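Have a look at the structure below, then the notes.
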Amino acid sequence: MNQVKLINGVELPQIGLGTWQITDRSQMVEVVSNAYDVGYRLFDTAAAYSNEIALSKAITEKGIAREAYILSDKVWNTSRGYRAVQEACHKSLKKFKTDYFDLYLIHWPASMKLYPDWEEINEDTWRGMEQLYKDGLAKAIGVCNFKIHHLESLKKTAEIMPMVDQVELHPGLNQNELLEYCKVNDIVVEASSPLGNGQILNNENLQMIAENKKKTVAQVCLRWGLQKGSILIPKTTNVGRMQENFDIFNFSLDKKEMDAIDKISYCGGIGIDSDEVEEFG
Ligand SMILES: NC(=O)c1ccc[n+]([C@@H]2O[C@H](COP(=O)([O-])OP(=O)(O)OC[C@H]3O[C@@H](n4cnc5c(N)ncnc54)[C@H](OP(=O)(O)O)[C@@H]3O)[C@@H](O)[C@H]2O)c1
């Protein structure tokens, strides 16, 4: 399986499993067991998903050694700031009965709509993230939903720049400008909702390309994201779809196909603008 190397040398698998909206404990046990058997090694969760304990128990039940999987977690918006982010990380680590995350991310930047001092808030939270990294509690640190101006703002005070930016990226939302910026700045882009939360799979242009390739639309979406160099974390609870989503390393899209997919306009997804967001619960 393809690995992506971060600026600090940490390697992450290019495909992992998203776990948002999986909260049922017995379902999580089945999902993790199947995913591991298929070959998934990266599990993406967040404090806000209310499934850290379920995921932790499922991993334990499967008997996976700590070094045999990659655990990625996120700090929620209610824990911004130097101290709060560290406290939140400790709390989450306890739930997993582990002493480190492979990747720890800020879930959302402070919204400029709500906070005139959004830059200071993000800087202060990021200082806490840097501390977690220095203390070895996170092998790699990063952000989610940060646009270029959020990253440029962090640059003014950051000692260590984010190693990963997890953002909504799928056909219909190509994020080409951010991808270019991140490439220049050694930040790996991780695609959240790489299938547009399941809402883009009926797109006719994608269906045509998939038919030509004798692949499924989901595989075409993921292959497109893979060729853009991003890490992908599709979510599914279905073992057949897990296999389908993982089986994207034996074909490629040519330039014409990549360009055609790049041109698809927004046709579904989460669609939350991190500058506009009022606040979540
Ligand atoms: N940082 C952030 O702010 C943020 C935001 C959104 C998501 N994320 C992360 O990204 C992960 C993935 O995003 P997502 O959960 O929004 O959606 P997604 O992975 O884009 O799509 C998931 C949806 O597509 C369906 N699906 C999966 N594989 C399929 C296939 N091969 N064929 C047909 N349908 C398929 C799933 O249903 P079934 O389960 O029934 O298969 C589910 O309804 C999340 O779980 C989370 O870890 C992060």
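The values are calculated or read from the model by the stated rules, or taken from the named source; none is laboratory data. In this text, all values refer to a predicted model and were calculated from it rather than measured experimentally. No Cβ is skipped: glycine too gets one built from the backbone with ideal geometry, and neighbour counts run over all protein chains shown. For accessibility, only protein heavy atoms count, side chains too; no ligands or nucleic acids. Shrake-Rupley method; radii C 1.70, N 1.55, O 1.52, S 1.80 Å.
What the table shows:
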quantity	calculated
Shape box of the range 183-235 [Cα atoms, principal axes, largest first, Å]	36, 20, 14
Value of relative contact order over the range 3-262, rounded to a whole percent, pairs C-alpha under 8 Å and six or more apart	19
Largest to smallest principal axis extent of the C-alpha atoms in the chain, angstrom	53, 42, 35
14 Å tail of the calculated P(r), the range 1-45, as % of Cα pairs	55
DSSP bridge pairs, the chain: antiparallel proportion in percent, nearest 5	15
Max mean-square fluctuation residue, GNM over the chain, Cα-Cα springs under 10 Å, options Lys214, Lys97, Lys74	Lys214
Principal semi-axes in Å for the range 97-139 [√(5λ), Cα gyration tensor, largest first]	25, 11, 6
Estimated distance in nm for a label pair at Ile272 and Ile53, the labels positioned 7 Å out from Cα along Cα-to-Cβ	2.3
Accessible surface of the range 3-262, 1.4 Å probe, proportion on carbon and sulfur as whole %	47
Label-to-label distance, nm, for residues given as Asp117 and Lys263 (7 Å Cα→Cβ offset)	4.9
Cα convex hull of the range 1-95, projected area averaged across orientations, nm²	6.7
Per residue value of the accessible surface for the chain (all protein chains in place, 1.4 Å probe), Å²	44
Set of lysines near Lys213 by C-alpha distance (under 26 Å), chain-local residues within fewer than 8 positions excluded	Lys228, Lys235, Lys255, Lys256, Lys263
Under 14 Å from the Cα of Lys134 - aspartates and glutamates, other chains or at least 8 residues apart	Asp99, Asp102, Glu159
Stokes-Einstein diffusion coefficient of the range 63-167, Kirkwood radius over Cα pairs, 10 °C, 1.306 mPa s, in µm²/s	115
Alpha-carbon radius of gyration plus Dmax, which is the widest Cα pair, for the range 60-117 in Å	14.2, 47
Anchor Lys155: aspartates and glutamates whose Cα lies under 15 Å away (excluding residues fewer than 8 positions away in-chain)	Glu119, Glu120, Glu123, Asp124, Glu130, Asp165, Asp186
Among 254-261, 43-50, the order from most to least packed when residues are scored by Cβ within 10 Å on average	43-50, 254-261
For the range 37-93, alpha-carbon Rg relative to the globular expectation (2.2 N^0.38 Å, N residues)	1.24
Environment charge of Asn185, counting only residues whose C-beta is closer than 14 Å and scoring Lys/Arg +1, Asp/Glu -1	-1
